[in-house]
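The structure under discussion appears below in the form of C-alpha coordinates.
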Amino acid sequence: MSTKGWMERAEKVLMKTYARTPVVFERGEGVWLWDAEGKRYLDLVAGIAVCNLGHANPAVARAVADQAARLVHVSNLYYTTPMIELAEELVKACFAERVFFCNSGAEANEGAIKLARKYFKDQGRPERFKIITMLGSFHGRTLACLTATGQDKVKKGFEPLPEGFDHVPFNDLSTLALKADESTAAVMLEPVLGEGGVALPQPGFLKGVRQLCDERGLLLILDEIQTGLGRTGHLFAHQAEGIEPDIMTLAKGLANGLPMGAVLATDKAAAAFSPGSHATTFGGTPLVAAAALTVWRTLTKPGFMDGVREVGGHFRARLEELCRRHPVVTEVRGRGLMLGLVLDRPAAGAMHTLRERGFMVNVTQDKILRFVPPLIITRDQVDSFVQALGEILADL
Ligand code: PLP
(Lines give C-alpha, C1' and ligand atoms only; values in the text may rest on other atoms or scores of the structure.)
Protein backbone atom coordinates (compact mmCIF):
# COMPACT_ATOMS: atom_id res chain seq x y z
CA MET A 1 0.00 0.00 0.00
CA SER A 2 1.17 3.55 -0.76
CA THR A 3 2.02 6.20 1.82
CA LYS A 4 -1.17 8.05 0.87
CA GLY A 5 -3.28 4.92 1.38
CA TRP A 6 -1.83 4.30 4.85
CA MET A 7 -2.30 7.96 5.82
CA GLU A 8 -5.97 7.88 4.78
CA ARG A 9 -6.54 4.76 6.90
CA ALA A 10 -4.71 6.37 9.87
CA GLU A 11 -6.76 9.57 9.71
CA LYS A 12 -9.97 7.55 10.04
CA VAL A 13 -9.03 5.64 13.19
CA LEU A 14 -6.29 7.38 15.18
CA MET A 15 -6.97 10.23 17.60
CA LYS A 16 -5.76 13.50 16.19
CA THR A 17 -3.07 14.13 18.78
CA TYR A 18 -0.22 14.56 16.29
CA ALA A 19 0.34 16.59 13.15
CA ARG A 20 2.34 13.69 11.75
CA THR A 21 4.95 14.11 9.04
CA PRO A 22 3.66 12.41 5.86
CA VAL A 23 5.92 9.39 5.91
CA VAL A 24 5.21 5.77 6.84
CA PHE A 25 8.23 3.94 8.24
CA GLU A 26 8.49 0.22 7.81
CA ARG A 27 12.06 -0.74 8.68
CA GLY A 28 15.20 0.51 10.35
CA GLU A 29 18.83 -0.50 10.67
CA GLY A 30 21.39 1.46 12.69
CA VAL A 31 21.07 5.14 11.81
CA TRP A 32 18.90 4.37 8.76
CA LEU A 33 15.14 4.20 8.24
CA TRP A 34 13.17 2.99 5.19
CA ASP A 35 9.66 4.16 4.33
CA ALA A 36 6.78 2.28 2.71
CA GLU A 37 8.02 3.28 -0.75
CA GLY A 38 11.51 1.91 -0.07
CA LYS A 39 13.18 5.33 0.31
CA ARG A 40 16.10 5.50 2.78
CA TYR A 41 16.61 8.26 5.38
CA LEU A 42 19.44 9.16 7.78
CA ASP A 43 17.64 9.42 11.12
CA LEU A 44 18.65 12.36 13.31
CA VAL A 45 15.53 12.03 15.49
CA ALA A 46 16.03 8.49 16.85
CA GLY A 47 12.41 8.28 18.02
CA ILE A 48 12.96 11.57 19.92
CA ALA A 49 16.26 10.72 21.61
CA VAL A 50 15.24 7.13 22.29
CA CYS A 51 16.96 4.67 19.93
CA ASN A 52 20.45 5.49 21.18
CA LEU A 53 22.01 2.31 19.77
CA GLY A 54 20.21 2.65 16.46
CA HIS A 55 17.31 0.76 14.94
CA ALA A 56 17.09 -3.02 15.00
CA ASN A 57 20.26 -3.20 17.08
CA PRO A 58 21.30 -6.87 16.77
CA ALA A 59 22.34 -7.31 20.43
CA VAL A 60 19.13 -5.72 21.73
CA ALA A 61 17.01 -7.72 19.25
CA ARG A 62 18.68 -10.94 20.41
CA ALA A 63 18.19 -10.09 24.10
CA VAL A 64 14.50 -9.30 23.50
CA ALA A 65 13.92 -12.48 21.45
CA ASP A 66 15.68 -14.68 24.04
CA GLN A 67 13.81 -13.09 26.92
CA ALA A 68 10.46 -13.21 25.07
CA ALA A 69 10.93 -16.95 24.66
CA ARG A 70 11.70 -17.30 28.37
CA LEU A 71 9.53 -14.94 30.46
CA VAL A 72 7.86 -11.66 29.48
CA HIS A 73 5.85 -10.54 32.50
CA VAL A 74 4.75 -11.68 35.92
CA SER A 75 4.10 -8.32 37.69
CA ASN A 76 5.87 -6.72 40.62
CA LEU A 77 4.23 -9.10 43.07
CA TYR A 78 7.33 -11.23 42.44
CA TYR A 79 11.07 -10.87 41.92
CA THR A 80 12.51 -11.19 38.42
CA THR A 81 16.20 -11.29 37.63
CA PRO A 82 16.83 -8.81 34.74
CA MET A 83 15.31 -5.97 36.78
CA ILE A 84 17.54 -6.70 39.77
CA GLU A 85 20.67 -6.83 37.62
CA LEU A 86 19.72 -3.58 35.87
CA ALA A 87 19.04 -1.73 39.13
CA GLU A 88 22.43 -2.91 40.45
CA GLU A 89 24.18 -1.56 37.36
CA LEU A 90 22.38 1.80 37.54
CA VAL A 91 23.11 2.44 41.21
CA LYS A 92 26.75 1.44 40.72
CA ALA A 93 27.13 4.21 38.13
CA CYS A 94 25.58 7.19 39.94
CA PHE A 95 24.48 8.84 43.19
CA ALA A 96 21.39 6.65 43.54
CA GLU A 97 20.90 3.75 45.92
CA ARG A 98 17.42 2.58 44.89
CA VAL A 99 15.38 2.32 41.70
CA PHE A 100 11.66 2.15 40.86
CA PHE A 101 10.93 0.98 37.32
CA CYS A 102 7.95 2.19 35.31
CA ASN A 103 6.90 2.63 31.66
CA SER A 104 7.45 6.18 30.46
CA GLY A 105 8.96 9.56 31.23
CA ALA A 106 5.73 11.06 32.51
CA GLU A 107 5.19 8.08 34.79
CA ALA A 108 8.74 8.44 36.13
CA ASN A 109 8.20 12.14 36.85
CA GLU A 110 4.85 11.40 38.53
CA GLY A 111 6.70 8.93 40.73
CA ALA A 112 9.38 11.51 41.58
CA ILE A 113 6.77 14.15 42.47
CA LYS A 114 4.88 11.68 44.66
CA LEU A 115 8.14 10.62 46.35
CA ALA A 116 9.05 14.25 47.16
CA ARG A 117 5.62 14.96 48.65
CA LYS A 118 5.60 11.78 50.71
CA TYR A 119 9.15 12.46 51.95
CA PHE A 120 8.02 15.66 53.68
CA LYS A 121 4.68 14.18 54.86
CA ASP A 122 6.65 11.41 56.57
CA GLN A 123 8.80 14.04 58.29
CA GLY A 124 5.71 15.71 59.73
CA ARG A 125 6.01 18.63 57.28
CA PRO A 126 2.84 18.27 55.13
CA GLU A 127 2.92 22.00 54.32
CA ARG A 128 6.00 21.34 52.17
CA PHE A 129 4.37 19.97 49.03
CA LYS A 130 5.20 22.42 46.25
CA ILE A 131 7.56 21.60 43.40
CA ILE A 132 9.41 24.45 41.68
CA THR A 133 10.19 23.83 38.00
CA MET A 134 11.64 25.93 35.17
CA LEU A 135 9.81 28.06 32.61
CA GLY A 136 10.34 26.43 29.23
CA SER A 137 10.71 22.97 30.77
CA PHE A 138 8.94 19.83 29.60
CA HIS A 139 8.07 17.03 32.01
CA GLY A 140 5.33 15.01 30.28
CA ARG A 141 1.59 14.91 29.63
CA THR A 142 -0.09 13.49 32.73
CA LEU A 143 -2.00 16.09 34.74
CA ALA A 144 0.76 16.55 37.33
CA CYS A 145 3.53 16.53 34.70
CA LEU A 146 1.84 19.02 32.38
CA THR A 147 1.29 21.27 35.41
CA ALA A 148 4.98 20.91 36.25
CA THR A 149 5.87 21.72 32.64
CA GLY A 150 6.80 25.38 32.21
CA GLN A 151 4.92 25.89 28.92
CA ASP A 152 1.29 27.06 28.77
CA LYS A 153 0.54 25.31 25.47
CA VAL A 154 0.45 21.85 27.08
CA LYS A 155 -2.00 22.95 29.81
CA LYS A 156 -4.70 24.68 27.79
CA GLY A 157 -8.09 22.98 28.05
CA PHE A 158 -7.15 20.61 30.85
CA GLU A 159 -7.97 22.84 33.80
CA PRO A 160 -8.47 22.57 36.73
CA LEU A 161 -4.83 21.63 37.18
CA PRO A 162 -3.46 20.01 40.34
CA GLU A 163 -2.10 22.50 42.84
CA GLY A 164 1.44 22.65 44.13
CA PHE A 165 3.64 23.82 41.26
CA ASP A 166 5.63 27.05 40.90
CA HIS A 167 7.77 28.10 37.94
CA VAL A 168 10.91 30.23 37.69
CA PRO A 169 13.07 31.18 34.70
CA PHE A 170 15.86 28.70 33.80
CA ASN A 171 19.30 30.02 34.79
CA ASP A 172 17.82 32.50 37.29
CA LEU A 173 19.08 31.61 40.77
CA SER A 174 17.86 34.75 42.50
CA THR A 175 14.22 34.25 41.46
CA LEU A 176 14.49 30.62 42.55
CA ALA A 177 15.83 31.75 45.93
CA LEU A 178 12.85 34.11 46.30
CA LYS A 179 10.27 31.47 45.30
CA ALA A 180 11.60 28.64 47.48
CA ASP A 181 9.83 28.97 50.82
CA GLU A 182 8.36 26.93 53.65
CA SER A 183 5.83 25.36 51.26
CA THR A 184 8.49 24.03 48.86
CA ALA A 185 9.36 20.33 48.78
CA ALA A 186 11.63 20.13 45.76
CA VAL A 187 13.18 21.81 42.77
CA MET A 188 12.77 19.77 39.58
CA LEU A 189 14.64 20.52 36.37
CA GLU A 190 16.21 19.15 33.23
CA PRO A 191 20.02 19.63 33.19
CA VAL A 192 19.60 20.76 29.56
CA LEU A 193 16.14 21.93 28.46
CA GLY A 194 15.09 19.56 25.66
CA GLU A 195 11.67 20.37 24.19
CA GLY A 196 12.19 23.86 25.59
CA GLY A 197 14.86 24.55 22.96
CA VAL A 198 18.04 22.56 23.71
CA ALA A 199 19.07 25.26 26.22
CA LEU A 200 22.24 24.72 28.25
CA PRO A 201 22.53 25.77 31.89
CA GLN A 202 24.86 28.69 32.49
CA PRO A 203 28.12 27.68 34.19
CA GLY A 204 27.46 27.34 37.92
CA PHE A 205 23.64 27.38 37.69
CA LEU A 206 23.13 23.70 38.58
CA LYS A 207 25.72 23.96 41.38
CA GLY A 208 23.85 27.00 42.67
CA VAL A 209 20.54 25.11 42.62
CA ARG A 210 22.12 22.21 44.51
CA GLN A 211 23.53 24.60 47.10
CA LEU A 212 20.19 26.35 47.56
CA CYS A 213 18.42 23.00 48.01
CA ASP A 214 20.99 22.02 50.65
CA GLU A 215 20.65 25.33 52.51
CA ARG A 216 16.84 25.15 52.57
CA GLY A 217 16.47 21.40 53.07
CA LEU A 218 14.79 20.84 49.67
CA LEU A 219 15.05 17.81 47.45
CA LEU A 220 16.65 18.21 44.04
CA ILE A 221 14.93 16.19 41.29
CA LEU A 222 16.74 15.98 37.95
CA ASP A 223 14.64 15.00 34.93
CA GLU A 224 17.29 13.21 32.84
CA ILE A 225 14.67 11.58 30.63
CA GLN A 226 16.14 13.21 27.53
CA THR A 227 19.65 14.11 28.72
CA GLY A 228 20.49 10.82 30.45
CA LEU A 229 22.02 7.60 29.13
CA GLY A 230 24.80 9.14 27.12
CA ARG A 231 22.88 11.75 25.13
CA THR A 232 25.11 14.66 26.22
CA GLY A 233 28.35 12.65 26.11
CA HIS A 234 28.12 11.56 29.75
CA LEU A 235 26.13 8.69 31.22
CA PHE A 236 24.08 11.33 33.05
CA ALA A 237 24.30 15.04 32.19
CA HIS A 238 24.65 16.16 35.82
CA GLN A 239 27.89 14.21 36.12
CA ALA A 240 29.58 16.85 33.96
CA GLU A 241 28.32 19.59 36.29
CA GLY A 242 29.86 18.29 39.51
CA ILE A 243 26.54 17.86 41.32
CA GLU A 244 24.31 15.02 42.47
CA PRO A 245 20.52 15.12 42.79
CA ASP A 246 18.42 13.37 45.45
CA ILE A 247 16.08 11.93 42.82
CA MET A 248 16.58 11.40 39.07
CA THR A 249 14.14 10.26 36.41
CA LEU A 250 15.03 8.29 33.26
CA ALA A 251 13.04 6.90 30.31
CA LYS A 252 13.56 7.41 26.55
CA GLY A 253 16.93 5.71 25.87
CA LEU A 254 16.73 3.15 28.68
CA ALA A 255 15.56 0.20 26.56
CA ASN A 256 16.36 1.56 23.05
CA GLY A 257 12.68 1.97 22.13
CA LEU A 258 10.89 -0.50 24.36
CA PRO A 259 8.80 1.55 26.81
CA MET A 260 10.63 1.91 30.11
CA GLY A 261 11.09 4.59 32.76
CA ALA A 262 12.82 4.72 36.12
CA VAL A 263 12.94 6.80 39.28
CA LEU A 264 16.33 6.66 40.99
CA ALA A 265 16.89 8.03 44.48
CA THR A 266 19.14 8.10 47.49
CA ASP A 267 18.23 5.71 50.29
CA LYS A 268 17.06 8.67 52.36
CA ALA A 269 14.58 9.94 49.76
CA ALA A 270 13.51 6.46 48.63
CA ALA A 271 12.53 5.54 52.18
CA ALA A 272 9.31 7.52 51.70
CA PHE A 273 7.95 4.72 49.48
CA SER A 274 6.79 1.64 51.33
CA PRO A 275 4.76 -1.38 50.18
CA GLY A 276 1.46 -0.10 48.79
CA SER A 277 2.44 3.57 48.42
CA HIS A 278 3.33 3.42 44.72
CA ALA A 279 3.07 0.74 42.04
CA THR A 280 2.71 -0.09 38.36
CA THR A 281 1.73 -3.34 36.65
CA PHE A 282 4.28 -3.38 33.85
CA GLY A 283 7.26 -1.58 35.43
CA GLY A 284 10.58 -3.32 34.82
CA THR A 285 9.20 -6.46 33.15
CA PRO A 286 11.81 -9.09 32.33
CA LEU A 287 11.41 -8.22 28.64
CA VAL A 288 12.20 -4.50 28.83
CA ALA A 289 14.79 -4.98 31.56
CA ALA A 290 16.66 -7.52 29.39
CA ALA A 291 16.72 -4.97 26.57
CA ALA A 292 17.86 -2.23 28.96
CA LEU A 293 20.67 -4.38 30.37
CA THR A 294 22.00 -4.89 26.85
CA VAL A 295 21.79 -1.15 26.16
CA TRP A 296 23.53 -0.36 29.43
CA ARG A 297 26.39 -2.79 28.78
CA THR A 298 27.02 -1.11 25.42
CA LEU A 299 26.85 2.44 26.79
CA THR A 300 29.32 1.60 29.53
CA LYS A 301 31.86 -0.13 27.27
CA PRO A 302 35.25 1.63 27.54
CA GLY A 303 35.44 4.40 24.96
CA PHE A 304 31.74 4.57 24.07
CA MET A 305 31.12 7.90 25.84
CA ASP A 306 34.41 9.28 24.45
CA GLY A 307 33.02 8.47 21.00
CA VAL A 308 29.77 10.37 21.69
CA ARG A 309 31.74 13.40 22.90
CA GLU A 310 34.05 13.24 19.89
CA VAL A 311 31.31 12.96 17.22
CA GLY A 312 29.12 15.43 19.12
CA GLY A 313 31.98 17.95 19.28
CA HIS A 314 32.61 17.53 15.57
CA PHE A 315 28.88 17.94 14.79
CA ARG A 316 28.70 21.11 16.89
CA ALA A 317 31.81 22.58 15.24
CA ARG A 318 30.30 21.90 11.79
CA LEU A 319 27.02 23.58 12.86
CA GLU A 320 28.99 26.59 14.09
CA GLU A 321 30.53 26.86 10.62
CA LEU A 322 27.00 26.96 9.18
CA CYS A 323 26.07 29.62 11.72
CA ARG A 324 28.98 31.80 10.58
CA ARG A 325 28.18 31.25 6.89
CA HIS A 326 24.36 31.60 6.84
CA PRO A 327 22.65 34.67 8.31
CA VAL A 328 19.37 32.68 8.76
CA VAL A 329 21.12 30.76 11.55
CA THR A 330 21.23 32.75 14.77
CA GLU A 331 22.68 30.26 17.25
CA VAL A 332 24.01 26.74 17.81
CA ARG A 333 22.92 25.03 21.02
CA GLY A 334 23.51 21.85 22.93
CA ARG A 335 26.09 19.34 24.02
CA GLY A 336 27.13 15.84 22.97
CA LEU A 337 24.56 14.50 20.52
CA MET A 338 21.75 16.75 21.76
CA LEU A 339 22.11 19.73 19.45
CA GLY A 340 19.97 22.53 18.08
CA LEU A 341 20.25 25.10 15.32
CA VAL A 342 18.22 28.25 15.94
CA LEU A 343 16.87 29.91 12.79
CA ASP A 344 15.51 33.43 12.41
CA ARG A 345 12.26 31.96 11.00
CA PRO A 346 10.00 28.90 11.42
CA ALA A 347 12.09 25.77 10.83
CA ALA A 348 9.34 23.50 9.42
CA GLY A 349 10.25 24.34 5.81
CA ALA A 350 13.89 23.28 6.32
CA MET A 351 12.72 20.12 8.10
CA HIS A 352 10.49 19.10 5.15
CA THR A 353 13.18 19.85 2.57
CA LEU A 354 15.66 17.78 4.57
CA ARG A 355 13.17 14.90 4.59
CA GLU A 356 12.78 15.11 0.81
CA ARG A 357 16.58 14.81 0.60
CA GLY A 358 16.61 11.78 2.90
CA PHE A 359 17.34 13.27 6.35
CA MET A 360 14.94 13.11 9.30
CA VAL A 361 15.19 15.97 11.81
CA ASN A 362 12.71 17.47 14.20
CA VAL A 363 11.65 21.01 15.13
CA THR A 364 11.16 22.36 18.62
CA GLN A 365 9.96 25.79 19.74
CA ASP A 366 9.02 26.60 16.12
CA LYS A 367 12.41 27.97 15.02
CA ILE A 368 14.86 25.36 16.28
CA LEU A 369 16.04 22.38 14.23
CA ARG A 370 16.83 19.68 16.79
CA PHE A 371 19.32 16.87 16.21
CA VAL A 372 19.25 13.88 18.57
CA PRO A 373 20.56 11.05 16.35
CA PRO A 374 21.42 7.53 17.49
CA LEU A 375 24.64 7.75 19.51
CA ILE A 376 26.31 5.44 16.97
CA ILE A 377 26.24 8.04 14.19
CA THR A 378 29.66 8.50 12.54
CA ARG A 379 31.61 11.64 11.58
CA ASP A 380 31.08 10.84 7.88
CA GLN A 381 27.33 10.57 8.36
CA VAL A 382 27.34 13.88 10.26
CA ASP A 383 29.35 15.45 7.41
CA SER A 384 26.91 14.22 4.74
CA PHE A 385 24.05 15.71 6.73
CA VAL A 386 25.79 19.06 7.35
CA GLN A 387 26.58 19.31 3.61
CA ALA A 388 22.87 18.91 2.73
CA LEU A 389 21.79 21.25 5.52
CA GLY A 390 24.20 23.94 4.30
CA GLU A 391 22.74 23.73 0.78
CA ILE A 392 19.20 24.01 2.15
CA LEU A 393 20.05 26.97 4.40
CA ALA A 394 21.61 28.77 1.41
CA ASP A 395 18.21 28.52 -0.38
CA LEU A 396 16.06 29.71 2.53
N1 PLP B 1 10.76 14.77 30.51
C2 PLP B 1 11.50 15.15 29.47
C3 PLP B 1 12.73 15.99 29.69
C4 PLP B 1 11.13 14.80 28.16
O5 PLP B 1 11.87 15.22 27.11
C6 PLP B 1 9.97 14.01 27.98
C7 PLP B 1 9.52 13.64 26.63
O8 PLP B 1 9.86 14.23 25.64
C9 PLP B 1 9.23 13.62 29.11
C10 PLP B 1 9.67 14.02 30.35
C11 PLP B 1 8.01 12.79 28.96
O12 PLP B 1 8.33 11.48 28.60
P13 PLP B 1 7.22 10.50 28.00
O14 PLP B 1 6.81 11.06 26.69
O15 PLP B 1 7.93 9.17 27.90
O16 PLP B 1 6.11 10.46 28.98
inquiry  = Filter Lys155/Lys367; Lys156/Lys367; Lys118/Lys367; Lys4/Lys155; Lys118/Lys155; Lys114/Lys207 down to the pairs with a C-alpha to C-alpha distance above 31 Å, please.
reply    = Lys118/Lys367; Lys4/Lys155
inquiry  = Tell me the angle of helix 379-395 to the major Cα principal axis of the chain, expressed in degrees between 0 and 90 and rounded to the nearest ten.
reply    = 70 degrees
request  = Using only Cα atoms, tell me the angle between helix 205-216 and the longest principal axis of the chain; keep it within 0 to 90° and round to the nearest 10.
outcome  = 10 degrees
task = Rounded to the nearest Å, what's the spacing between the alpha carbon centres of the range 206-223 and the range 130-163? Just the number, please.
result = 20 Å
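Taking all pairs of different Cα atoms in the range 1-72, averaging 1/r and flipping that mean, what Kirkwood radius in angstroms comes out?
After inverting the mean inverse Cα-Cα distance, the result is 14.2 Å.
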inquiry  = Would you work out the Kirkwood radius for the chain? I mean one over the mean of 1/r across all pairs of different Cα atoms, in Å.
reply    = 21.9 Å
Choice from Thr249, Thr232, Thr184 showing the highest fluctuation, given a GNM over the chain with Cα pairs closer than 10 Å = Thr184
Charged-residue dipole, Cβ positions (Lys, Arg, Asp, Glu), the range 1-60 about Cα centre, Debye nearest 20 = 200 debye
message = Running a GNM on the chain with Cα contacts under 10 Å, which residue among His139, His73, His278 ends up with the highest mean-square fluctuation?
response = His278
query = Do the sum for the chain: with -39,500 (n - 2.57) for every DSSP H run of n ≥ 4, divided by all residues, what is the mean residue ellipticity at 222 nm, to the nearest 500 deg cm²/dmol?
reply = -11500 deg cm²/dmol
ask   = In percent, what relative contact order does the range 231-300 have, based on Cα pairs under 8 Å that are 6 or more apart in sequence?
value = 32 percent
key: the range 105-182 - percent of accessible surface contributed by carbon and sulfur, probe 1.4 Å   = 57 percent
request  = Calculate the length of the line joining the C-alpha centroid of the range 331-370 to that of the range 249-316, in whole Å.
outcome  = 27 Å
request  = Just the number, please: percent antiparallel of the DSSP beta bridges in the chain, rounded to the nearest 5.
outcome  = 65 percent
Whole-percent carbon and sulfur share, accessible surface of the range 16-70, 1.4 Å = 52 percent
request  = Determine the per residue accessible area of the range 266-396 with all protein chains present and a 1.4 angstrom probe, expressed in square angstrom.
outcome  = 42 Å²
task = Pick out which of Gly124, Gly30, Gly358 has the largest mean-square fluctuation in a Gaussian network model of the chain, springs linking Cα atoms closer than 10 Å.
result = Gly124
request  = Please label the shape of the range 253-393 as rounded, prolate or oblate, based on the square roots a ≥ b ≥ c of the eigenvalues of the alpha-carbon gyration tensor (a/c under 1.5 means rounded; beyond that, a/b larger than b/c means prolate, else oblate).
outcome  = prolate
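For every other residue with a beta carbon closer than 15 angstrom to the beta carbon of Gly157, add +1 if it is Lys or Arg and -1 if Asp or Glu, then tell me the sum.
+3
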request  = Rounded to the nearest 10 degrees, what's the angle between the helix 304-325 long axis and the longest principal axis of the chain, both from Cα atoms, 0 to 90?
outcome  = 60 degrees
query = Once you charge only the Cβ atoms, +1 for Lys and Arg and -1 for Asp and Glu, what is the size of the charge dipole of the chain about its Cα centre, to the nearest 20 debye?
reply = 480 debye
key: Average accessible area per residue (Å²) across the range 1-44 - probe 1.4 Å, nucleic acids and ligands excluded   = 75 Å²
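The values are calculated or read from the model by the stated rules, or taken from the named source; none is laboratory data. Remember, predicted model here, so these are calculated numbers, not experimental data. Positions of Cβ are backbone-derived with ideal geometry, glycine not excepted, and every protein chain shown enters the neighbour counts. Side chains included, ligands, DNA and RNA excluded: accessible areas come from the protein's heavy atoms. Shrake-Rupley method; radii C 1.70, N 1.55, O 1.52, S 1.80 Å.
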